[in-house]
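Coordinate-derived values only; no laboratory data. Note that this is a predicted model, so its numbers are computed, not measured. With ideal geometry, Cβ positions are generated from the backbone for all residues, glycine too; neighbour counts draw on all protein chains shown.
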Amino acid sequence: MVRQYPIAGCSQTVMYSLDFQLELNDFTTVSPDDLTAALGFQIYNDLKNGNSSIFNSQFNIYYYALEEESAEFQPNYDPNLKVFYLMKNDDVYIPVLHTKAIDFRIVKSLHKKLKKRCVLNVMKIIFMFLTTLFPISNIFLAVVDNTANILYYQMSEGLSENQSTKTAVK
């Protein structure tokens, strides 16, 4: 059973699954269109089944082991940024079709928004429990090609869309 809960004070909607098994319908409820829902569901299955082992981050390859499998995935849509993403713990996965251009301004804005939310949560936790800080969300672009392969690119704060023009071969 899946229930939909709006986050107070935010424009986001979060889905919670009581049995930790999301279905395609859970993604179509949150996604702006069927294609985005299908991409999100494909990424969810890939991550949940542990098929992803390599992430590429600014030309460096990192090996990634999935954290506890029982951790809950949450499909989210931000109508202000018009971006759908899948969240698990402190990691955010933005599905991108390989034929579509990537707007890094949206990625940057989402990162700022999540960073702000994280800081507010940390302040609340310190005030209430005097505990340690949580890490700020990691953002991964999950690029899906026409053969159902998924490439995960971890975004870093210094990444900009114009950097590729600086490294062009003359």
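First select every other residue whose beta carbon is under 14 angstrom from the beta carbon of ASP33; then total the charges, Lys and Arg +1, Asp and Glu -1.
Details: positive: LYS82, LYS100; negative: ASP34.
Charge balance near ASP33 sits at +1.
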Say each of ILE106 and ASN80 gets a label point 7 Å from the Cα, pointing the same way as Cα to Cβ; how far apart are those two points in nm? 1.6
